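Engineer: Take a look at the following structure, please.
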Amino acid sequence: SSADVAALAEGVVMSGRALVPEFGAVILDRLSATDVPAHELDVLAEIMLEELEQWPRDAWLVIDDYHLIGHSPPAELFLAEVASSPAVSLVVIGRTRPAWATARRVIYGEILDIGRDALEMTEAEADALLGPANASATESRGLASRWPALLGLAALAGGMPHGQPLPSSVYDFLADELFAGLSTHAKEA
């Protein structure tokens, strides 16, 4: 739902209220008075920038699963405005890089881009997590491709015994990830 500008703005407001109880009152009022928030993107972004002036200087705003937002041009533009605010420190996590996270901004030090390679576990980390090398641990490492979430599931499940089906938690994780990547039409079907 965060691909919708109204849901995204409301989510930012609700997160901000954990730090500043009155945060976002003006933007919530504006959202309740507009029929099509995407048509008032400039106004909503301007109000959000004003609201962010209240943001504590030592607090961070974290946007997770950005790839679910990035395919929506209005949501992308709204977050580009939020990211332009010097009042907020922003962390964006996702499988796709925001269009506003340009190479220029990375070179100028405005953005720190940490790619997949830096997030993967090393062989030593995987060994420490999964325990001594054995057939089960080796198979787990190979299937998980050093990706922390899958290696963590393998460790919780006690490794994946050779020839045995994967634990249901792995299937649930993969199903959720695949479902999240589907189009709205496919999800409804």
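Residue-by-condition table, conditions (1) open to solvent by 30 Å² or more (accessible area, probe 1.4 Å); (2) closer than 25 Å to D117 by Cβ; (3) touching an Asp or Glu at 6+ places or on another chain (Cβ under 8 Å); (4) not β-branched (V, I, T):
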{"site": "A45", "(1), (2), (3), (4)": "no, no, yes, yes"}
{"site": "E53", "(1), (2), (3), (4)": "yes, no, no, yes"}
{"site": "I63", "(1), (2), (3), (4)": "no, yes, no, no"}
{"site": "Y66", "(1), (2), (3), (4)": "no, yes, no, yes"}
{"site": "I69", "(1), (2), (3), (4)": "no, yes, yes, no"}
{"site": "V88", "(1), (2), (3), (4)": "no, no, no, no"}
{"site": "I93", "(1), (2), (3), (4)": "yes, yes, yes, no"}
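Engineer: Would you check which residues across segment 7-36 are outside any loop (DSSP other than H, G, I, E, B) and either in contact with a Ser or Thr (Cβ under 8 Å, 6 or more places away or on another chain) or open to solvent by less than 20 Å² (accessible area, probe 1.4 Å) (or both) and list them?
Structural biologist: Correct list: A7, L8, A9, G11, V12, V13, G16, I27.
Engineer: Still on this structure: What pairs come out if I take residues in segment 58-81 that are free of Cβ contacts under 8 Å to residues at least 60 places away in the same chain and pair them with residues that are of a type in the set (F, W, Y) and surrounded by 13 or more Cβ atoms within 10 Å (Cβ to Cβ) whose C-beta lies under 6 Å away, six or more apart or interchain?
Structural biologist: Correct list of pairs: A80/W100.
Engineer: Follow-up. Suppose we keep only residues that are surrounded by 14 or more Cβ atoms within 10 Å (Cβ to Cβ) and assigned to a loop (DSSP other than H, G, I, E, B) within segment 71-86. Which one would you say is farthest from the chain's Cα centre (by Cα)?
Structural biologist: Filtering first and then ranking leaves S85.
Engineer: Among the residues of segment 107-131 satisfying the criterion of being surrounded by 11 or more Cβ atoms within 10 Å (Cβ to Cβ) and among the small types (G, A, S), which is modelled with the lowest pLDDT?
Structural biologist: Step by step, filter segment 107-131, then rank; the result is G131.
The values are calculated or read from the model by the stated rules, or taken from the named source; none is laboratory data. Keep in mind that this is a model prediction, so the values were computed, not measured. Every residue, glycine among them, receives a Cβ derived from its backbone with ideal geometry; neighbour counts consider all protein chains shown. Just so you know, the surface numbers come from the protein's heavy atoms only, side chains and all, with ligands and any DNA or RNA stripped out. Shrake-Rupley method; radii C 1.70, N 1.55, O 1.52, S 1.80 Å.
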